[in-house]
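The structure appears right after this line, and notes come after that.
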Amino acid sequence: MKILVTGGAGYIGSHTCVQLIDKGWQPVILDSLVNSKVSVLDRIESITGHRPPFIKGDVRDADLLSKLLSEHSVEAVIHFAGLKAVGESVAQPLRYYDNNVHGSVVLMQAMQKCAVKTLVFSSSATVYGHAFAPPWNEQVPTAPANPYGRSKLMVDQIMGDMAAADAACSMTSLRYFNPVGAHASGLMGEDPQGTPNNLMPYLAQVAVGRLEALQIYGTDYDTPDGTGVRDYIHVTDLAQGHIAALAYAHGQPGHHVFNLGSGQGHSVMDMLKAFGKACGRELPYTLSPRRPGDVAAYWANPQHARNTLGWHAEKSIDDMCQDTWRWQSSNPNGYL
Ligand code: NAD
Ligand code: UDP
């Protein structure tokens, strides 16, 4: 199967391309490189022995998309391309709606024109309302709290409308919880530009000496150790979830929504300790006030994906930290 992977040079997309190739499917990558580097292709090639076709371009370029879909005889699309920084989305909402929502509409229009019926989309647990007690299943009411989350929900809803309008359309929204970790080879991992906003890349940069100390945002939450609790999922488990979703959804019309999470919550303190174990020293940290907008605790109920896709996350937080450390220590400055 030939699969267009938008955003395939990014963190989750690159790990998914490796597994698509392992499965014998053929990814074609479209990426603007707004948040990634082309050298990731060398790493994909080193790991798999195959260099997927790469097109540098924007998902909002309708002519390019139609050309790509037809010239490569694409049968399905996995759509990772998007901007993902919550704080930035608050400051620049139009940029986020244009990239994430308009980009997805242009993609679906091109798919319609070229009769490509299967779409798998990177949605997010940020679409859920935060007032609900975890674990969260797919029926938790949606109430995103920022433009980034709203952009994801809008695309989910458009996909639902598309599936309702065309009985042959297969639209799958995958709601990721907290993707972390790296390829076990140490050749691929997360490479954020600037100072990381997220816990795991921040810890990795403290461990490698690029940052001084972790700031723990909030120690007075109603959680076992007072720090925030999240559902961390290893990026290769997440990539495997895409393979399972595509295998299920291709030729299965409708709008399918799946949580992809481990089903377990871990605190900031748990992650700090696990990373210290992985890198062989206790990492420095300071106690800081809560970060505005954060909630105490949430994690997934991933039962629907387990029952329907036969998929579940297998890797532990120790695996996540060891693999992140292998990647970060052998690539201290990320991709070149
Ligand atoms: P990433 O930034 O590493 O990857 C996204 C890729 O899309 C980048 O390579 C970027 O250059 C590309 N891109 C962005 N806009 C584009 C455009 N208009 N045209 C073409 N390419 C474009 O991010 P990631 O962590 O791999 O996330 C992938 C997807 O998963 C995103 O849509 C993100 O919102 C979603 N997601 C991520 C997380 C997370 O915590 N990492 C959680 C939930 C959902
Ligand atoms: N966090 C922290 N210090 C940091 C970054 C994050 O204490 O430098 C905490 C954050 O408050 C939350 C958890 O780590 O409880 C996960 O945050 P992240 O930004 O990685 O993901 P989120 O779930 O907020 O999208």
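Since every read-out is calculated from the coordinates, none of them should be taken as a lab result. Since the structure is predicted, the reported quantities are computational estimates derived from the model, not experimental observations. Cβ: placed from backbone, ideal geometry, glycine included. Neighbour counts: every protein chain shown.
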Take every Cα-Cα distance within the stretch 211-287, group them into 10 Å bins from 0 onward, and report for each bin the whole-number percent of pairs it holds. 16, 34, 26, 16, 9, 0
Simple Cβ-charge dipole of the stretch 1-140, Lys/Arg +1 and Asp/Glu -1, about Cα centre, in debye nearest 20: 80
Please compute the length gained on full extension between D220 and D98, using 0.36 nm multiplied by the number of residues separating them and subtracting their Cα-Cα distance. 40.2 nm
Stick to the Cα atoms of the stretch 46-85, pair each with every other, and give me the Kirkwood hydrodynamic radius in Å at one decimal. 12.2
S288 versus E212, label points 7 Å from Cα toward the beta carbon: distance in nm? 1.2
Roughly how big is the stretch 239-336's charge dipole about its Cα centre, with Cβ charges of +1 (Lys, Arg) and -1 (Asp, Glu), in debye to the nearest 20? 120
Of F121, F54, F258, the one that fluctuates the most in a GNM where the chain has Cα springs shorter than 10 Å: F54
Farthest towards the positive end of the dipole of the stretch 199-244, among L203, T227, A239 and with Cβ unit charges of +1 on Lys and Arg and -1 on Asp and Glu, lies the Cα of A239
Expressed in angstrom and rounded, the centroid-to-centroid distance over alpha carbons for the stretch 79-146 and the stretch 226-268 is 15
Helix-only mean residue ellipticity at 222 nm, the chain, DSSP H runs n ≥ 4 weighted -39,500 (n - 2.57), per residue, nearest 500. What is it? -11500 deg cm²/dmol
Enter the angle in degrees (range 0 to 90, nearest 10) between the Cα long axis of helix 268-279 and the first principal axis of the Cα atoms of the chain, meaning the one along which they spread out most. 90
Integer Hz, Karplus 6.51/-1.76/1.60 couplings in order for the stretch 228-236, x for Gly and Pro: x, 10, 9, 9, 8, 10, 5, 4, 6
Where does helix 147-165 land angle-wise versus the long Cα axis of the chain, in degrees 0 to 90, nearest 10? 30
Rank L69, S170, A184 by how far each Cα sits towards the positive end of the charge dipole of the chain (+1 on Lys, Arg Cβ; -1 on Asp, Glu Cβ) and give me just the farthest. L69
Over the stretch 227-336, the quotient of the Cα radius of gyration and 2.2 N^0.38 Å is 1.28
In whole Hz and in residue order, list the ³J(HN,Hα) couplings for the stretch 245-262 that follow from phi through the Karplus curve 6.51 cos²θ - 1.76 cosθ + 1.60, θ = phi - 60°; x for Gly and Pro. 5, 5, 4, 6, 7, 5, x, 10, x, x, 10, 10, 10, 10, 6, 10, x, 8
Using the per-residue mean of other Cβ atoms lying within 10 Å as a proxy for protection, in what order, highest first, do the peptides 297-309, 232-244, 324-336 fall? 232-244, 297-309, 324-336
For A143, which sequence-distant residues (separation of 5 or more, or a different chain) have an amide H within less than 5 Å of its own amide H, given hydrogens modelled in the peptide plane? Y128, G129
Dipole of the stretch 63-176, positive direction: furthest Cα of L153, A143, M111, with charges on the beta-carbon: A143
In the chain, if every C-alpha pair distance is counted and binned at 20 Å from zero, what percent goes to each bin? 32, 61, 7
Give, rounded to the nearest 20 debye, the magnitude of the charge dipole that the chain has about its Cα centre when Lys and Arg contribute +1 at Cβ and Asp and Glu contribute -1 at Cβ. 280
To the nearest 10 degrees, how steeply does helix 103-113 sit against the main Cα axis of the chain, on a 0 to 90 scale? 30
Would you please report the Å³ per residue occupied by the convex hull of the alpha carbon atoms in the stretch 132-275? 144
